[in-house]
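Novice: Dropping a structure here in structure tokens format, bear with me for questions.
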Amino acid sequence: MTPPSITTPVLQTLSAQQVEQLKQRICGTLSYIVNTNSRTVYFLDAPLLARYRTELRLDASHNSVPIPGAGKSEVDFSTFTASVPLSTYEDYRPYILRFMESPCLQSSVDNLLAPGLPMFIATSSGTSGSSAKYLPKYAHPMTMTVKSIGMSIPEVHGPTKCAVFSLRYTHTLDVLDGAQRVVKAIPFSIVSAGDFRSCNGWEIENDVELIKTRLSGHVTPVAVAFIKPYYTFLLMHALFAIGERSLTTFNMIFITVFFDLVRLVEDHWRTSYTQLKPGRSLTSRALTTYGPISKPREGAAENSIDMHDVGWLKQIWPNLTLVIGNVSGPFSAVLPRVRSYVGPSVSVQGIVYASSEAWIGAIYNPNLATTYVERPESAEYITQAWNLEVGKKYEVVLTTRDGLWRYRLGDVLEIAGFAPEDGSPLIRFLERRSAVMRVALEFVTEAELREAVRSIEDDIGRVVEFSVVIDDRWFPRRYGFLLELESGLEPENAGPRAHAAPRRLQEYLSSTNSTFARFSSDSVVPVVEDRGLWKWGGQMKVPTVVYNPEMKDWLIGNVVQELGDGLRKIT
């Protein structure tokens with residue numbers, strides 16, 4: 001889609017012609033997915049699709065026959081919606097577990113969910129369930145790749161950019177043929193790392209050479225993308241960025257990553273400036289081959305940066321014009337502070353709305369930072385795309401190229417309008433519906449937890465990010481709110497009524513959630529996390545609800561202060 005003019009009005013309804021065009025486009029996408037994936041093991045075997053196979057008249061050998069009217073009429077779409085039920089991850093788990101078998105044989109996993117073998121297996125962040133999900137990701141035509149929705153930074157924004165991305169993978173899976181020879185080594189990684197590799201054609205076998213390179217126009221060498229500790233990973237990006245005065249663009253998946261990077265610059269400005277005087281190079285053994293990374297900084301001095309000024313980052317990077325990162329939903333909490341860092345002359349905008357399951361939307365208008373245009377991969381909703389109503393909320397259901405069929409993502413969106421160019425729905429992310437917590441018989445949603453945290457910001461200060469765990473250090477168990485505060489943790493900076501925060505959280509949830517009020521008794525304790533960077537295992541996205549036992553233990557183990565009868569240190 002051609003980027004819209006900033007004056008282009010968003011449509012509130014669709015004309016009959018636009019409705020028909022939207023139907024044809026979505027039906028065409030669905031026909032591509034069905035025709036491509038109807039030859040897979042899952043399609044031919046899964047109980048979920050038994051009725052659909054019957055409707056498509058598969059022969060006794062499970063060979064598919066041409067689909068009547070594919071991409072030409074609404075017949076296929078109606079058949080699809082009538083005969084394919086909703087699915088969840090549990091419908092795919094038994095098939096995906098074949099990748100975990102030892103040995104992993106090609107005959108067992110080839111053409112499993114989509115044709116061929118996966119390029120990589122995405123590991124979810126565990127935001128919507130008790131354990132991480134594994135999602136195979138396959139190769140697709142270039143017209144439908146991640147690159148087509150802006151994974152790369154447009155060159156129009158300038159030649160000098162700091163793109164904060166990871167290329168790490170946790171481990172690889174060797175797929176063996178009948179002679180026990182390795183057919184393919186498949187990496188397991190977060191989806192952004194795998195997609196960045198895929199759209200750039202970077203195979204893990206070439207990492208030894210890749211780590212020595214620096215991408216054209218990028219201030220940070222590729223080697224930094226392999227660093228595991230989140231703190232070190234961001235610090236290296238910050239150091240290389242400080243060394244390049246002509247920097248124009250920062251790009252990362254989440255705006256909270258940029259916020260963390262700037263906090264590191266604040267904390268280490270004097271040290272980093274001293275280390276990056278003209279002619280100095282980083283001392284890290286892995287990066288010394290790049291030589292000096294800093295150019296003479298004309299007119300700059302160590303005491304010349306006033307970090308209380310609005311837009312003070314422009315004193316470091318006078319050419320900075322753009323900061324890219326997801327600013328919707330829970331990530332919007334840091335947006336006011338980010339804008340104060342960069343000032344009014346720098347555009348702060350999202351670029352994609354995505355999950356581990358699929359890339360769902362691309363930013364529609366940079367001036368509507370949380371509004372995304374639905375991508376064709378989202379083949380259908382329970383309420384079809386051409387019947388959506390502006391202002392109403394809907395849960396996303398996905399049919400994807402990677403082999404998910406009417407999959408309940410759990411994300412709740414609001415319809416903001418329709419694109420005048422082609423009638424595509426414009427969407428705003430609201431919440432993850434499936435993130436529900438319970439200690440007794442109550443159910444508390446992610447949205448309720450988020451509003452509860454907002455209700456105590458007058459008491460403890462502005463909350464940058466937070467996660468909630470079931471804290472079983474107490475009896476009865478409690479909700480543990482792990483908070484990162486913008487103003488730090490010293491008692492005098494934590495807010496005038498900090499010690500009352502546990503009671504106020506309890507009162508807020510009791511007043512807004514009837515099940516909480518009925519079944520919960522003294523079950524909330526806010527656990528205040530240090531302002532330092534506490535992302536677990538290099539994970540840039542902080543889940544609102546944490547079930548994973550290892551992640552929860554790590555978070556609780558790194559708490560430095562708690563709010564209760566007093567602000568006390570944990571030893």
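Novice: Any chance you could count how many residues in segment 209-267 are of a type in the set (Val, Ile, Thr) and farther than 19 Å from Gly311 by Cβ? Break it down stepwise before answering.
Specialist: Within segment 209-267, the subset of a type in the set (Val, Ile, Thr) is 211, 213, 219-220, 222, 224, 227, 232, 242, 248-249, 253, 255-257, 262, 265.
Narrowing the set further to residues that are farther than 19 Å from Gly311 by Cβ leaves 211, 213, 219-220, 222, 224, 227, 232, 253, 256-257.
Number satisfying all stated conditions: 11.
Novice: Right, another one. Hey, can you tell me all the residues within segment 357-371 that are modelled with pLDDT under 55 and touching a Ser or Thr at 6+ places or on another chain (Cβ under 8 Å)?
Specialist: Ala369, Thr370
Novice: Give Leu167, Leu215 a once-over and let me know the one that is touching a Lys or Arg at 6+ places or on another chain (Cβ under 7 Å), in a loop (DSSP other than H, G, I, E, B) and under 27 Å from Pro141 (Cβ atoms).
Specialist: Step by step, each of Leu167, Leu215 is checked, and only Leu167 is touching a Lys or Arg at 6+ places or on another chain (Cβ under 7 Å), in a loop (DSSP other than H, G, I, E, B) and under 27 Å from Pro141 (Cβ atoms).
Novice: Quickly run through segment 204-214 and pick out the residues that are surrounded by fewer than 18 Cβ atoms within 10 Å (Cβ to Cβ), under 19 Å from Lys161 (Cβ atoms) and modelled with pLDDT of 85 or more.
Specialist: Of everything in segment 204-214, just one residue is surrounded by fewer than 18 Cβ atoms within 10 Å (Cβ to Cβ), under 19 Å from Lys161 (Cβ atoms) and modelled with pLDDT of 85 or more, namely Thr213.
Novice: If Ile382 passes every condition in (1) open to solvent by 20 Å² or more (accessible area, probe 1.4 Å); (2) of a type in the set (A, V, I, L, M); (3) at pLDDT 85 or above but one, which one does it miss?
Specialist: (3)
Novice: A further question on this structure: Among the residues in segment 501-517, are any at pLDDT below 75, of a type in the set (D, E, K, R), surrounded by fewer than 20 Cβ atoms within 10 Å (Cβ to Cβ) and farther than 21 Å from Leu234 by Cβ? Can you show your working first?
Specialist: Residues of segment 501-517 at pLDDT below 75: 514-515.
Applying the additional criterion that residues be of a type in the set (D, E, K, R) yields none.
No, because not a single residue in segment 501-517 is at pLDDT below 75, of a type in the set (D, E, K, R), surrounded by fewer than 20 Cβ atoms within 10 Å (Cβ to Cβ) and farther than 21 Å from Leu234 by Cβ.
Novice: Could you list, in sequence order, all residues of segment 340-359 that are more than 17 Å from Arg428 (Cα to Cα) and of a type outside the set (A, V, I, L, M)?
Specialist: If the condition is that a residue be more than 17 Å from Arg428 (Cα to Cα) and of a type outside the set (A, V, I, L, M), then Ser340, Tyr341, Gly343, Pro344, Ser345, Ser347, Ser356, Glu357 are the ones that fit.
Per-residue answers, yes or no, for (1) at pLDDT 90 or above; (2) within 28 Å of the chain's Cα centre (by Cα); (3) over 26 Å from Leu426 (Cβ atoms); (4) surrounded by fewer than 18 Cβ atoms within 10 Å (Cβ to Cβ):
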{"position": "Leu22", "(1), (2), (3), (4)": "no, yes, no, no"}
{"position": "Tyr52", "(1), (2), (3), (4)": "yes, no, yes, no"}
{"position": "Asp59", "(1), (2), (3), (4)": "no, no, yes, yes"}
{"position": "Phe80", "(1), (2), (3), (4)": "no, no, no, no"}
{"position": "Ser87", "(1), (2), (3), (4)": "yes, yes, yes, no"}
{"position": "Phe99", "(1), (2), (3), (4)": "yes, yes, yes, no"}
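Novice: With the structure loaded, tell me whether Arg245 is over 20 Å from the mean Cα position of the chain (by Cα), open to solvent by 20 Å² or more (accessible area, probe 1.4 Å) and modelled with pLDDT of 50 or more or whether it fails that test.
Specialist: Criteria met by Arg245.
Residues are listed down the side, and each one gets a yes or a no for (1) part of a loop (DSSP other than H, G, I, E, B); (2) within 22 Å of the chain's Cα centre (by Cα); (3) closer than 26 Å to Ser345 by Cα; (4) at pLDDT 85 or above:
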position: Tyr231; (1), (2), (3), (4): no, yes, no, no
position: Met252; (1), (2), (3), (4): no, yes, yes, yes
position: Val262; (1), (2), (3), (4): no, yes, yes, yes
position: Arg280; (1), (2), (3), (4): yes, no, no, no
position: Ser284; (1), (2), (3), (4): yes, no, no, no
position: Asn319; (1), (2), (3), (4): yes, no, yes, yes
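The values are calculated or read from the model by the stated rules, or taken from the named source; none is laboratory data. Predicted model, so just to flag it, every value in this text is computed and none were measured. When we count neighbours, we look across all protein chains shown, and the Cβ atoms used for this are built from the backbone with ideal geometry, even at glycine. Protein only, heavy atoms only, side chains kept; ligands, DNA and RNA dropped before computing areas. Shrake-Rupley method; radii C 1.70, N 1.55, O 1.52, S 1.80 Å.
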